[in-house]
Structures are given as C-alpha cells and as structure tokens.
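The values are calculated or read from the model by the stated rules, or taken from the named source; none is laboratory data. Keep in mind that what you see is a predicted model, and the values were worked out from it rather than measured. Don't worry about glycine lacking a Cβ; one is built from the backbone with ideal geometry, like all the others, and counts go over all protein chains shown. To get the accessible areas, we keep the full protein, side chains included, count just its heavy atoms, and leave off ligands, DNA and RNA. Shrake-Rupley method; radii C 1.70, N 1.55, O 1.52, S 1.80 Å.
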Amino acid sequence: MKENVPDPNPELLTARLLVAEENMIVDDEEFHHLNNPADGIKPIVKKYLGVPNHAEQKGNKFFFTDGDASVEVTIVTKEIIRIRLAPHSVFLDEFSYAVPELPTKAVAFNLSETDLEFKVSTEAVNCHIRKQDFFISFSDSKGITTSSDAAPMHWEENVKFGGYYVFCTKTCAPEESFFGLGDKATEFNLRGKRLKNWNTDAYSYGWNQDPLYRSIPFYISVNDGIASGIFFDNTFKAHFDFGGEDPTKTSFWADGGELQYYYIHGPHMMDVVKNYHILTGTHPMPPLWALGYHQCRWSYYPENKVRVIANGFRQNKIPCDGIYLDIDYMDGYRCFTWNKKYFPDPRKMIEDLAANGFKTVVIIDPGIRVDDNYSVFKEGKENRYFCRRSDDYFMEGHVWPGRCQFPDFTNPEVRTWWGGLFDELVDLGVAGVWNDMNEPAVFGSGTFPDDVRHQYDGFRGSHRKAHNVYGMQMVRATYEGLRKQLKNKRPFTITRAGYAGVQRYSSVWTGDNVASWEHLKIGNVQLQRLSVSGISFCGTDIGGFSGEPDGELFTRWIQMGTFSPFMRAHSAGDTKEREPWSFGEPFTSINRKFIELRYKLLPYLYSAFWEHHRYGFPILRPVVMHEQETVANHFRQDEFTYGDKILICPVLEPGQTSRMVYLPKGKWYHFWSLEMVEGGQEVHVATPLDTMPIFVKAGSVIPEYPVMQYTSEKPIEEVKLNIYYSDYEVNSFLFEDYGETFAYEQDIYLEKKFIVKGTAKTMSIKQSMEGLYTPRYEGYHIKINGLPFKPSKIIADGKEIKEVSVNPDKTYEFKFSKNFKQIEILK
Ligand code: MIG
C-alpha cells in the first residue's frame, strides 16, 4: 500500500489511503487457498503526483519529477502552455491528429524558483508548480490566477487494457461558467454538467442526451470576467465534469492515453478560440456555392425525382445551389457504385443539373460490402486495408449494404487509396461528398468493439484510442482525395463524426434531429457551441430529420438556417415532402424571402468565413463572447451574432408574436424597420411569421449581392453597400476573390476595409483595400440608412453626387465607383 514518494501533506495522504482501500481487491477466498498465496500483489490504486523535487529544462520544455512520475511543461506560444504527465517518466510518442504541428515561432520564457514553487513564465502566462503537492496553476501577467489544480494529477492502472485512466481535477469558482465541447445537446453554459466524449450515432437524440456524434475535448472557462481554455488532446473516451459532482471542482479524465492538455490564455473568449484555432487549424475557404441553400432528402430517387425537385426550385424562384443524393443512388448501397435502374446515366443527369445551376453532392459511408465481385472490397481485401480484431479476424458488422468491412482510415496508405476512389465521381461531375455513419456506426452493436486494431499513422492502437478520430480521418481522406482530383477547385465535404481539428477537412451537420420546437432550440445552441469549439462551418437538418414539421416550424427553421453557416434542409425517408414550397402559402413566400436574404448576404458571410479561415474568428458568436464580464450573459443562449455586425434571435416557440431580445452595448438598427435601438438591454421585438429579430450594428457596412437563383447564375454587376449611420467610428470588412479556387493561398484576394463615422451634421465613409484580386464589377450601389439629418450634399472623392434617390423611410441611394476612397455626407 505504501507509495514510494513521501507525502508532505497528511490530509492528502489520508485521502489517498481511502481511495486505495476502496479500490483494493479484497477476496476473502484467497486466505483459504494456501497453495496459491496471493501475497504482495499490489492493489489497483489511484496514484497522485507526489512532490516535485527536481526541475530540468530542454529547449522550450521543462520537466518536473517526484522521483517516479514526471510532468512536462511545454511553452507553445506566449498564450499556450502544454502539460503532459508520464506516470513512470516515460512520455508517449508525440503524435496528434488534432494538432498536426506545434507553432514554431520563438517565444521568450523563463523558469524561476522560490521556496513554495517553480514558475515557468512567458510574457502573458505563468505556470506555477507548487512544491508542497505538485498542484499546477496558471496566472496572467497581473498575477491573477485563472486555472488551478484542486488535486495533483492522478492515474489508475487499467488492468484490462493496460495503460492508465488519467485524471486532472481543477477548482471551480462559485460564478465560473464553461463553454465549448462541440455539439452537446444541453444548455450553452456547461456549468453543473457531466459530459462524455465518445462519437455516437444518436438517431433522434433528445435534450441532455450525451454523447453525440462528435468529440471536441476543448472548453472555455470564464471566471471574474477572464476567459481561459483547456484543450485535453486525448482521443480515448473522455469525461468532463464542470462542478457537477462537486460544485468546487472541474475535472476531466480519459480511459487511456496520456494526460495531456493545453492551457490557453484569454483574457477574452475570442482570444481563447483564436488560440485554439492556432493549434487545430481552421476551415479552408469553401467554394462560394457551398454557402448557398442546399436541398437534401433520404433520398431523392430515381433520377427523374431529382430533376423534378431541381426544376421545382427554378419554377418557384427559390434559390438553391446544392442537391444531395442519399444512399439510394448506389447499387445495393455499395460505395462508389450507381444503381443503374434509378440512375441510368449519372453523367448526363449531373451535367443537366449543373446547367441548371445545381451542384451534386453524394453520400459515402465507411462500410464496404463483403462481396468478392465488388472492386472496392476486392482492392481493400487484397491490400489488407480493412480493420481487424485483436485475433486478426476482420472487423465485420452490418450496415446499409449488409455485411461490411471497414477501411482503417488511420492508416495513411488507406487514406490515399480511399481518396483515389473518388476519381470516377469527380469525373462524372460530383462537386461535394457527404460522409455519414463514420462514428463509426454499426447496426445492433452501435460501433466497433474495443479490441479492433488501428494503424494510427504508425502509433498503433485499439479502437479505444482510434474511435473518436475514425470519422475525422475518413473525411480527411475524402477531402484530400477530392482536393487532388478537383485540381485547383475547392472541394466541399460534410461529415457527421469528428474530433478536434476536423474543421481542416470538412463542414459538419448536427445529425439526426427531430421536427420539433425543442429541436429548433437544441440546434440553435448546438451551432453556437460548435462555432466556439472550432467548427464554424455547421448547420442543422432544417425542418428536423425525423417527424413532421408543420409550415410554421419549417419556416422558423428556414429563418434560423438563413443564419447558419451551413444551410441545408434534410428529412428522413418516411416523412412527407419537405421542400421550401411543400407547405403552401404563406410559407412558400416567406421561405423564399429568407433564402433570398441568405443570397443577398453571401458577400457578408463569405467575408466572415475569411475572418474565420485567416484569423480564427468563429462565424457565430454568442452574446457571452461580446460581453463576458456580465455573468447574466453567461446564461443567454438564444441570441448570437452572425459575423460581428448582425445580431440574430431565432423565434423558437410556436405562435410567438413577440419576444425579448438582448442587444449587447452600442447602437443597433432593427433590420426591418430601421429603428435605432440602444443596446445593453433587452428589447421587446414583434415577431410576425414573415420576420425574425435581426439587428445591425450602427456604423456597419453590409455588402449585398443581387438575388440570384444560384451563386454563379450571372456575373455580379454591382455590389450593394448597406451603410448604417453611427456617431462613433466603426470598421467593417469585405473579402473578395475568385470564390472557387485556391488562388487565395497564393495571396490572390482583396481585403477591403470601411470606416464609418458620423456627427450631428456629417457622415463619412472611408474605404481602403489591400490585395491582388480585382473584382469584375465596376460600381457600388450605396444605400445610407439611419441618417439623422437631411443631407444637402454628398461628395465622393471630391466630386459632388447629383443623382441621389430619397426614399420615404429617409434612406438615400446613389451609385459610385468601387474604388472610392472617401464619401462625405453633409447636412
Ligand atoms: O442509418 O443515409 O444522419 O442524414 O439521411 C441512417 C441515410 C443513415 C443517417 C444520416 C442521415 C441520412 C441517413 N443516415
């Protein structure tokens, strides 16, 4: 029972002994079997770090040991410090699917020591290692503690599989709030919750059901107005407790692997998210069409049905860019085949759809039918690409095609092979791929058994280690394959399962939701949460996958979807027709109006996407991200901003004719009435079915495209700038490029900045630009909103503008060159 390390803290020692006793294997029988004395077998005991008695530095890493176990502290950046624990001082190989490489920029840091602690410091963060008990804590440059251990890091032997369960316990302050962890279907603030990460096919999941499809072991804490983050980069089944079991403690632990986490400094939530993106990457720029409206269904078939739906959009004049083929397009659900009865000539169909402005997206699942006459199976079998069990049997399970085997996507060779399988689909004109069932899902058993082996990029492991990354590696193989084959065109991919970093390869949807008002609320929270957890390109199945929405629910969902970075309606096969015109009037017209709004705002969304891609900003920003100092805001979860200029509050109740909406401080314009409203308070907003609460920040320049039936229908001849008066200075931003190539990686794009400022008698708009891209259109159509005076003169780059339309709502419209530098409006 005695541990090697002397313990200076008697209280702690008692605690440990208690834990040890609880876990001791006490088998009465052993006393009677004298032939088999079981003397000296060590009980399985929770072991805690002892006393750090030694510090050592190697480059940007520091090592502290208690004589047996070691802790490694790595300075990653000025704001990011990584902690690793090795129970017997042997660290695991450094390999992570989430963090392909650590940032390499040199950082200044130093180690200092007092009687009480070792301290490793950068300009922004201090990491304290307390000598008394190995507690690790972090503080900012002002000395304010932002995260601290409530117990030394600990571990417990895993007798069945080897290795250790690993645990970290930190304090939880009385008013501390927690955000993140991907798509959990629970309150936005995770305070008081205990949650699990284990990718799960969760058909028709409900409120508080956990786990779901994705595992994002990253959370943000906000305490006393200061934000910091923890990224627990461990792919095993992992658990988080945010003051649930004990309101004074936050813990995270995993069923294997290494206790390894990144402490990410704030002080703003935005800084934490940006720093998390520095570690795990951002979404690549999507093709512009992928930001349009998409229509999906399980399934549109045969071919004629697909054509009828596509024509339906054009006849109803409802814009749409993407149409999806679910599993029934395949021959017996065999991936990379076509059902020739339903789709006799896929090339012709895809061509015709393309001519009509539709991109075709096809589903591909991981299960490959066991069938020696099926080339994909044969190749996989010959090359031993499929997963195997511990005793070398193949991993077999039933999914849609029947008995299947499953490629080991954690093997780079398998990924390359898989990526290559898309050549025919790409050649036929398929523009995007939808990866489903990649948790992985298996009928009956749910997923693979634990003993399935994975190559894991050479760092072999069982399914316990690979489960949560399986889907991410599948969509990675898909994305990388498509990227090669589409030459310089941007691929579009969407995945159901994922792990931290999946954003580098794909967009995601929230899986099989339900056509209910409750699910509209769940979706609203899930998307905000995904967005602050690294996955900005996300959406829900608009309308709800299972069950039947009525016209009102569908329309409210379309309204929310208009402001989801990914906008797609989808429904299960046993439901009624579910197109934007399926519910008749007034719904069809309202759905059209909102989908048109989506298309108008495309340049704004595309710019927000660029800000995400290049600078690590999330696209959806919950209220707490704007005003984290106010604790009440930690509990707001209905309203959010779309980019940084437009505030949205979806209507989430049936029959709702008005609702309260909180506006962060500053001045806002009601989008529909142009009434100016002071923020920093809740306002009462009417919510007739044909509108929803939308507010635009004063001083914004919101770019707008003309409505088109699909993104590339016509060349853009003019961009509209909706400019909103403000009496303080506000910056806005517009990103432009080719919209479908990787030229932006060669810096071929244009970043425009607008500065709007007003006084009681003047308003000025300045424009500056940087970059190598020249848009084809020549002019702006400028609309000035909210001007508090009647203008006598408008001067653009020194010339007076004579042709100005004055509208009854006191807005002013005129045209001018896209290259203007300054516009002055005078009373
Ligand atoms: O077992 O491909 O979440 O979007 O339509 C169901 C059929 C498999 C689950 C996906 C859903 C898709 C459906 N899939």
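Between segment 295-344 and segment 754-821, what is the C-alpha centre distance in whole Å?
Cα centres, segment 295-344 to segment 754-821: 45 Å.
Work through the residues other than S139 whose Cβ is under 15 Å from its Cβ and net out their charges, Lys, Arg +1 and Asp, Glu -1.
With Lys, Arg at +1 and Asp, Glu at -1, the neighbours total -1.
Rounded, prolate or oblate for segment 599-642? Axes are the square roots of the Cα gyration tensor eigenvalues, ordered a ≥ b ≥ c, and the cut-off for rounded is a/c under 1.5. The partial results should precede the final answer.
Working: a/c = 4.25, a/b = 1.92, b/c = 2.21.
Oblate is the answer for segment 599-642, as a/c is 1.5 or above yet b/c matches or exceeds a/b.
Just the accessible area per residue of the chain, please: how many Å² with a 1.4 Å probe?
Numbers: 31550 Å² over 827 residues.
With the other protein chains kept in place, the chain gives 38 Å² per residue.
S768 accessible area, nearest 10 Å², 1.4 Å probe?
60
Filter the chymotrypsin sites (Phe, Trp or Tyr not before Pro) in segment 378-486 to those in DSSP coil with at most 11 other Cβ atoms within 10 Å of their Cβ, and list the result.
For chymotrypsin sites (Phe, Trp or Tyr not before Pro) across segment 378-486 that sit outside H, G, I, E and B with at most 11 neighbouring Cβ atoms in 10 Å, the list reads Y393.
So in the chain, what percent of DSSP beta bridges are antiparallel if you round to the nearest 5?
80
Which of Y710, N197, Y293 sits closest to the plus end of the dipole of the chain, meaning its Cα is farthest towards the positive end, when Lys and Arg get +1 and Asp and Glu get -1 on the C-beta?
The one lying farthest along the dipole's positive direction is Y710.
Along the positive direction of the dipole of the chain (beta-carbon charges: Lys, Arg +1; Asp, Glu -1; about the Cα centre), which of A98, A431, G332 reaches farthest?
Selected residue: A431.
So, with +1 on the Cβ of K and R and -1 on the Cβ of D and E, and no other charges, what is the size of the charge dipole of segment 458-498 about its Cα centre, to the nearest 20 debye?
Numbers: 10 positive and 1 negative charges, 19 e Å.
Rounded to the nearest 20 debye, it is 100 debye.
Along the charge dipole of the chain, pointing to its positive end and built from +1/-1 on Cβ of Lys, Arg, Asp and Glu, which listed residue (F386, L259, Y812) has its Cα farthest out?
Farthest towards the positive pole: Y812.
Taking a 30 Å limit on the Cα-Cα distance, which of the listed pairs K521/K576; K274/K818; K142/K170; K752/K802 fall beyond it?
K274/K818
Considering only DSSP states other than H, G, I, E and B, which trypsin sites (Lys or Arg not before Pro) in segment 604-699 qualify as loop sites with at most 13 other Cβ atoms within 10 Å?
K665
Within a Cβ distance under 11 Å of P706, other residues only, what is the Lys/Arg minus Asp/Glu net charge?
Details: positive: K600, K714, K720; negative: E596, E704, E713, E717, E718.
Taking every Cβ under 11 Å from that of P706, the sum is -2.
Which percent of the accessible area of segment 349-428 is formed by carbon and sulfur heavy atoms (probe 1.4 angstrom)?
With neighbouring chains kept in place, the figure for segment 349-428 is 41 percent.
Anything over 23 Å Cα to Cα? Flag those among K593/K714; K61/K193; K665/K783; K119/K465, in the order listed. Spell out each step's value before the answer.
Details: K593/K714 20 Å; K61/K193 34 Å; K665/K783 25 Å; K119/K465 33 Å.
Violating the 23 Å limit, Cα to Cα: K61/K193; K665/K783; K119/K465.
What aspartates and glutamates does K249 reach when the alpha-carbon gap must be under 18 Å and sequence neighbours fewer than 8 apart in one chain are set aside?
E11, D133, D149, E175, E176, D224, D241
Taking a ≥ b ≥ c as the square roots of the Cα gyration tensor eigenvalues, with a/c under 1.5 meaning rounded and otherwise prolate when a/b beats b/c, else oblate, which class fits segment 720-806?
Prolate, because a/c is 1.5 or more and a/b exceeds b/c.
Given the protein chains as shown and a 1.4 Å probe, how many square angstrom of H54 are accessible, to the nearest 10?
80
Per residue of the chain, what 222 nm ellipticity follows from adding -39500 (n - 2.57) for every DSSP H run with n ≥ 4, rounded to the nearest 500? Spell out each step's value before the answer.
Numbers: 13 runs with 155 residues, N = 827.
The helix contribution divided over the chain gives -6000 deg cm²/dmol.
How would the chain be classified by its alpha-carbon gyration tensor: rounded, prolate or oblate, with rounded meaning a/c under 1.5 and the a/b versus b/c comparison settling the rest?
Judged from the Cα gyration tensor, the chain comes out oblate (a/c at least 1.5, b/c at or above a/b).
Dipole of the chain, Cα-centred, from +1 at each Lys and Arg C-beta and -1 at each Asp and Glu C-beta, to the nearest 20 debye?
3020
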